[in-house]
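Quick notes on the structure that follows.
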C-alpha cells in the first residue's frame, strides 16, 4: 500500500498501513511506541489483520511522521515492517 490509504476524519488525517510483525505482544509494543511520536493523535495496530491505522494531528505531515513512527517501532521490535 504505497502511502497508505487515507481519509479525512474531521480535521484529522487517518491512514491505514500494511505491517509485518511476529506476535500480538510485538504489535502491542509497536502501538505503544507509535502513540508517543509527535504528530500522532491516535494509533491502532491490529495483529490479526496486520494493519496499523494512524490518525495524524491537524497540520502534521503524514510522510514525515511515519518515518518517526518506523524508527520508534524498530526500537521496540527490530524486525517489524511498516509499508508506507
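What follows is calculated from the coordinates using simple rules that are stated; it is not laboratory data. Quick caveat, the model's predicted, so the values are computed rather than measured. When we count neighbours, we look across all protein chains shown, and the Cβ atoms used for this are built from the backbone with ideal geometry, even at glycine.
Annotations
- For the chain, built as a Gaussian network whose Cα springs stay under 10 Å, the top-fluctuating residue of 42, 67, 57: 67
- Among 66, 48, a tally of other beta-carbon atoms within 10 Å of each Cβ gives an order, fewest to most, of 48, 66.
- Considering only 34, 24, 72, the mean-square fluctuation computed in a Gaussian network model of the chain, springs between alpha carbons under 10 angstrom, is largest for 24.
- Taken along the Cα-to-beta-carbon direction at a fixed 7 Å, the label points for residue 42 and residue 64 span 2.4 nm.
- Taking the chain as a Gaussian network of alpha-carbon nodes connected by springs under 10 Å, the highest mean-square fluctuation of the residues 37, 54, 69 belongs to 37.
- Principal axes of the chain: Cα extent on each, largest first, Å: 33, 22, 18
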